[in-house]
Structure formats: structure tokens, C-alpha cells
Amino acid sequence: MNRSKKILTIGLLGTLGLVGMQSCSESFLDVPPQGEQTPTDFFSDPEAAPRLVNAIYNKMLDWNMHSFSWLGVTSIITDDADKGSDPGDTGTDKHELDNFTFTPSSISFNEVWVGFYQGVARANQALQYLPQLNIDESFRNRLIGEARFLRAYFYFNLVRMFGGVPLIESVPDPTNEADIMNGRTRATREQVYDFIKSDLQFAVDNLPEKSQYEASERGRATKGAAKTLLAKVNMYQGNWQEVLRLTNEVIQSNQYQLHPNYAEIWRESSENGPESIFEVQGRGVVPAQGIEGYYETQGARGPGGWGWGFNTPSQDLAQAYEPGDPRRESTIIFRGDTLWDGFVTSPQLVNPRYNYKAYVSRTQESYSGNNWETNKNMRILRYAEVLLMNAEAANELGMTAQALEMLNRVRARARGTSTTILPAVTTTVQATLRERIWRERRVELAMEHDRYFDLVRQGRAAEVFQALGKPFVKGKHEVFPIPQNQINLSGGTLTQNPNY
């Protein structure tokens, strides 16, 4: 056991880049100096427990999880965005994603596969050792709840992208043939969803509410986050009664509220604020510790620009907003715009539109001078989505009044104090209201990495993409190809998705 612990310590502190040689009371994203000696009594020290979980959070900052390839497979591929950048700069395969000419060998799929499975591995390592540490039981269960929430989040993205995937529930034994084969064998989509829901239910039962965390612990998974993600998982399965129950509980918890000004949600001042349910935490300090490349790859390109210019909002998205909807100007930077901090963008930028939700102010926020790893957080779950999920579930269950109430709360926030734009939706026809809720999801959550998966679960992907000239093939493109590199590594045991 001692030898196994030493091996795991090396793996966590070396290859996995464990964060946080700090006590639990310090910021859980503080990073120790490179090369710091690992304490020999790491696993006998109760203060080691948070570090095991902090390593999982830290993985979400890596290039291969929430950065360039993630933008490709969740945004550039959709009708909300174009590849952007210069025509000759393909981003390796981002042009393939934009044009639906991708193959199992396209690099982005392998990169996110590896990134999310590395997250699963960190969660499994934490979950293996947390039960053995001599710490307070409720604290232990909270940390286990955080680890299981994060593992569920990783698998939720994997199953949405690839369908059934290998289900690795614990640290594999490389000498055990059964463990090796399990890592090469795809579970069914239903088995993966069941596993996700089991993890999330444990998190619901053991995590505190947002208000119960100390300020230094903001950004950790909460009971509300677990319920929200569990509701979202059930939404993808069409379990509307569960979606309604869970979102009702989040609403009634009084832990969250809509931010009064939509445009301010993506500013540093609003991070982990009243509308925030879960965010990837990035801090632009020295040493820099932000999401690698997430903001620079989307920054405006050209004279006076600040980035690579990829993942640009599409003309189709720009036209999707109702006249006067302020969310349009809060989501899209147009050439020549004056931004919220007074910065004037050049009329000569390469692309006509850029993602405002990925803008970092170099004068009004705690900018460290590092565009690659900035201070900005990435929003994963917001209260507005809870209201929209509640509205969709209520409408599917014939509860029209509740559906309208929740939908119109979101619209009321969007229009602010004006009553002349975004009038309240009043239709009581279920099919019409369903379409209004879907449209509201698009404009409210634009460029927030859900659009592709929304269209697939709604059964509209082929219709929407083909209308835009994208060669979406029904029965194929609802999921992405299993990366060819992973099939090769499995010796051909890992099977490919249909028609790839």
C-alpha cells in the first residue's frame, strides 16, 4: 500500500500537475512553485484531502479540455459560429468542423477525448484515496461529492459528443486484463447516463449550498450545481418530470437570481455572482493560471486585434435575435464597436464579428498581461438555463402557465426596464411555445457550447444544418466519430460510430 501511495503521489504531483499545496482555507486554485518537494507524509496528512480534489478542478484549465478543440466541436461546428480567422488559417481541422468534412482522424476529437478522460482519471484517483484518509466524515463526503460531480460533468460531455464510451469507474490496474479490456470497450449510452446520474445524486446529497461555502471556496461544486446538471442530464433523456422537480428545487432554494444586466454577466465583476451556478475558474495572476488559450484563440484578429480570431459568431446567429434584443450586442462584437471598457475596435479587423463573451478587458479587469491564460472564468451553468429548462419541462408536461412564467422571466431580464422590446410570450399552444423556448435558449445561451447538442436532442439538427448548406447526415452526425487514434491504441477493440 505504501508503494502504491508513492506511485499515485508521483502521478498526481508530476504528470497530472496537482494544484494546491495550501490549506483548505486558502484559494483552491493557488499553484505551488514549480519543482516544490512533495511532502513524504502526503497521504497521512489530513490537509492532503483537498489537494486530491483540487487537481481535478485544475485539469479544466488545460488546452485539451476547454480550449481550441473544445471551441471546434461545440461551437465552430454549429450554426451559431464560423471558423473565423484568416481563410488560410485552418486551425488544423477547424475548417473541417465548420464544413462537416471532418473524419475520425480530425485532431480535435482526439484532443477532447484525451482531455476529458484525463479529468476522469484525476477524479478516480481522488475517489480511490479519499475514503482512506482520516478526516471528518462530512468533509470527506463533501470532497467525494465534488469529485463525483466533476466526473459526471466529464462523462456528460463525452456521452454527448461520442455516444456510448468506455466507462472507467475506478483507477485501472494495468496488470489486470479485465481493466484493460474495460478501457477499450464502449458502454451503452444508457449505462453512461445511469453512471452520471448516480454520481450526481451523491453530489446532491452531500454538497453544501452555494451560500454555505466560505468566500475563499467560491467556485467549488455545490448542491445547486449538482441538481442543475442532473436536471440537464434528464432533459437529454426526455425525463421531463425529473427536470421539472430538480429545477423547481433549484429555483425554490433562493440561492440564485438573474443578474439585472445581461451584458455584465461575462465581466470579472460578475464571476461566481448571483446568477452563477458553476464556472471554470481562471485567474490572471503570476504565475498565470487561466484556461489555456480559450480567450486568445477567440480574440479579434487584424489591426488593433488581440487574438487568433477563431470561433466568430455567424450571420445566422446575428439574425436570430428579435429587433432590439440587447443580448445581440452583448454577445457579438462588430468591427468598429466601442466596447464596454471604452476600447474602440478597428474597422479593419479580419472578421466582421467576434465573441463578446470571450472578451478580456486589459484596462478594467485584473489583466496580468498574459492573453494566453487570463483572469476570466468560463460559465458552465447559469440560473437563466435553469429557468429555461423549467419552462421546457413544464410545457412538455402541459403546465403552460408555469412554462410561460419561467420563459418570460428570462425575457424580462433581457429587455431590462424597457417594455417596448421583447414582449412577453403569451401563446398557449404547446408546439408553438416549445419553439419559442428553443429559440430563447439559442439567443440566451449563444456561444456557450450547448447549441449543437440542443439541436441533436431536439431532433432538428439535420433540418437546421442542411438549410444552411451544411452536409449534416442524419444517422451519422448526431454523434462525433470515435477518434481513430483511440481505436488504433485499443488494437481495434474500440468500435466506431455508424457511418464513419
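Readers should treat all values here as calculations from the given coordinates under stated rules, not as data from a laboratory. Everything quoted here is computed from the prediction, not taken from an experiment. A quick note on method: Cβ atoms are made from the backbone with ideal geometry, for glycine too, and the neighbour counts reach across all protein chains shown.
For the reader, a short list of remarks on this structure follows.
- Residue selected from region 470-498 under the condition of a type outside the set (A, V, I, L, M) and in a helix (DSSP H, G or I), by the criterion farthest from the chain's Cα centre (by Cα): Asn488
- Any hit, region 121-140, residues being charged (D, E, K, R), surrounded by fewer than 23 Cβ atoms within 10 Å (Cβ to Cβ) and in a loop (DSSP other than H, G, I, E, B): yes
- Residue in region 240-258 that is under 22 Å from the mean Cα position of the chain (by Cα), closer than 23 Å to Ala147 by Cα, among the polar types (S, T, N, Q) and surrounded by fewer than 24 Cβ atoms within 10 Å (Cβ to Cβ) present: yes
- Check on Ser361, part of a loop (DSSP other than H, G, I, E, B), touching a residue at least 60 places away in the same chain (Cβ under 8 Å), crowded, with 16+ Cβ neighbours inside 10 Å and in contact with a Leu (Cβ under 8 Å, 6 or more places away or on another chain): yes
- Selection status of Val410, part of a helix (DSSP H, G or I) and buried (at least 22 other Cβ atoms within 10 Å of the Cβ): yes
Residue-wise test of (1) assigned to a helix (DSSP H, G or I); (2) crowded, with 18+ Cβ neighbours inside 10 Å.
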{"position": "Met181", "(1), (2)": "yes, no"}
{"position": "Arg186", "(1), (2)": "no, yes"}
{"position": "Gln191", "(1), (2)": "yes, no"}
{"position": "Ser198", "(1), (2)": "yes, no"}
{"position": "Val204", "(1), (2)": "yes, yes"}
{"position": "Lys227", "(1), (2)": "yes, yes"}
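- The residues on offer are Leu433, Leu404, and the sole one that is assigned to a helix (DSSP H, G or I) and either more than 26 Å from Ala81 (Cα to Cα) or in contact with a strand residue (DSSP E or B) (Cβ under 6 Å, 6 or more places away or on another chain) (or both) is Leu404.
- Of all residues in region 245-270, those satisfying the criterion of being part of a helix (DSSP H, G or I) and either of a type in the set (Gly, Ala, Ser) or over 26 Å from Arg415 (Cβ atoms) (or both) are Arg245, Leu246, Glu249, Ala263, Ser269, Ser270.
- Selection over region 58-109 of residues that are surrounded by fewer than 21 Cβ atoms within 10 Å (Cβ to Cβ) and among the hydroxyl-bearing types (Ser, Thr, Tyr) gives a count of 5.
- Once region 161-179 is narrowed to residues that are of a type in the set (D, E, K, R) and not in a helix (DSSP H, G or I), the residue that is surrounded by the most Cβ atoms within 10 Å (Cβ to Cβ) is Glu169.
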